1. Once amide H atoms are placed 1.01 Å from N in the peptide plane, what residues at a sequence separation of 5 or more from residue 260, or on another chain, have their amide H within under 5 Å of its amide H?
2. Calculated from DSSP H runs of 4 or more alone, at -39500 (n - 2.57) each and per residue, what is the 222 nm mean residue ellipticity of the chain, nearest 500?
3. How high is the FRET efficiency from residue 173 to residue 447, r the C-beta distance, R0 41 Å, rounded to 0.05?
4. What ³J(HN,Hα) values, in whole Hz, does the Karplus curve 6.51 cos²θ - 1.76 cosθ + 1.60 give for the range 266-273 when θ = phi - 60°, with x put for Gly and Pro?
5. Test of the criteria: in the range 9-100, which trypsin sites (Lys or Arg not before Pro) are in a DSSP loop and have at most 12 other Cβ atoms within 10 angstrom of their Cβ?
6. Taking only the alpha-carbon atoms of the range 128-346, what semi-axes of the equivalent ellipsoid follow from 5 times the gyration tensor eigenvalues under a square root, in whole Å, largest first?
7. Rounded to the nearest 10 degrees, what's the angle between the helix 139-155 long axis and the longest principal axis of the chain, both from Cα atoms, 0 to 90?
8. Taking θ as phi - 60°, what are the ³J(HN,Hα) couplings along the range 67-74 by the Karplus curve (6.51, -1.76, 1.60), each to the nearest whole Hz, with x for Gly and Pro?
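Every read-out reported here was derived from the displayed coordinates using simple, explicitly stated rules and does not represent laboratory data. Fair warning: this is a prediction, and the values are worked out from it, not measured in the lab. Virtual Cβ from ideal backbone geometry, glycine too; neighbours counted across all protein chains shown.
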Amino acid sequence: MTAGLERIARMKSADAQCALVQALMAPAAYPHPVEKVTLLETHISYVLLTGQFAYKIKKVVNLGFLDFTRLDQRHYFCAEELRLNRRFAPGLYLAVVAIGGSPPRVGSTDQPVEYAVKMREFPQSALLDQRLSQGELSPDQIDVLAERVAELHAQVARASIGDDWGSAAAVWRPVGENFRQLRETLPAVGDQGSGSAVLDELEAWSRDAYARLERFLSRRKQDGFVRECHGDLHLGNIAWLNDAPEIFDGIEFNANLRWIDVMSEVAFLVMDLEERGRPDYAYRFLSHYLEASGDYAGLQVLPFYRVYRALVRAKVACIRAAQEGLAAGQAQAAICAQYLACARRATLPGKPWLLLMHGLSGSGKTTVSQRVVERLGALRLRSDVERKRLCGLDALARSGAKVDGGIYDAETTRATYLCLVQLARQVLEAGFPVVVDAASLKSWQREIFRGQARAQEVPFRLITCRAAEATLRQRLQHREEAGSDASDASVSVLQHQLQSGDPLSDAEEANAYFVAGGDDSLDSVLQEIKTEMER
């Protein structure tokens, strides 16, 4: 069949499918009580909401990276969607159902004319993009999401060395395809050439970054970081249900787009949060994910994937603008321009610097360092988390170790600080600022970080947290009772610290910021740090 005849056949099939979808707007088309049917449309799907259940039908389209033009293909990919997404949201994905009969009915035993994925319906207001826009997405929910994504990445299958998935060549294929398809579809959003010039700039940057990272990308696969991921992890594909994030609508139609480096997945959410005006949440998510996964080495590829993910969203906007029945062409053009600008911002080099927390247990270091992450766009390293990771313990596990014993003996403490220095080096090399949350009460502990900053030629400062001893004791008792933090510090640990810590030298005092834990001066201190580090 010639290309022209194929296109005509596809148009006829698409028209017939549109007529079918319209017929399915009738409540009588369903095997359960329905009062009203609401239709949602994406560039590749029709989703029919019936109140209790949602039915997702794959559009008759061939976009190069997916082909749903034949019924048998749509049936196969419905089954794949069910199988793959049950890994993440088993309570949402229920079955693949046939549609047939005249008039058409869902679940008909007649010859199928279409197939749909049957899902449990939830309110659209539960979607994280909606919650964010309504100011209903909390910092604690960002933390839970980061932990959930890290947990899923730890559980999914890993690519074997013999697979093509995640090879350096496989990484570039969708990146190169993005640029080709964007150039083909930009006219659909009324581009007059400016978008093409931006694409040329972004493609040159991407090719340079890929050439520089090619060996590292291959090593990432060898080290087990290419896994069968979700593939399309943005806020619109996550719902907050039953006080937890439900991740749905992962990619089933193209294995190369889901067998990816976990950092490509992380980059999508980071980019999405930044583009929606919440860089504080982006850095909070990223920092918390890294604390949970330990994958600080992956930061090397994060900017490359952030650009790629922004361009994926730009491409989707162009595709939607080109499709019949989608009347919001101007809106899609604005979205495309938005994501092109987002991609350009992601190419800008970072300004790395190193802040080291200093202070007794309970003085507020973790609270202050979290504010540094969100206000200043830094990544955090926590001694309590990395110490336990070194010892094979979960972050919230209670070690039961005595003061200066067990995982807190001198040897493990030295190993922990050396590990933190090496992780700080990786973060700085990737172009990100870093704040190290550690007590740093010994002069040698502070000196190794100062030396690392000097070696990498980045600014270095201490942030010293102080509080009255009675306040410290009260905080530690409360934290120990709650059991919700990685720190094992107790009142006996505090007493040991008071007796054994090395005071700051005059030079350290002169180059430190001082914060009385939780006081109103923190905002001014953070602004002062921001001003100094941006010089």
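1. 227, 229
2. -16500 deg cm²/dmol
3. Computed FRET efficiency for residue 173 and residue 447 comes out at 0.30.
4. 4, 4, 5, 5, 4, 4, 4, 5
5. Here the trypsin sites (Lys or Arg not before Pro) that fit, given the DSSP loop and packing criteria, are 36.
6. Value: 26, 23, 15 Å, ordered largest first.
7. 70 degrees
8. Calculated HN-Hα couplings, in order: 9, 10, 6, 9, 4, 5, 5, 5 Hz.
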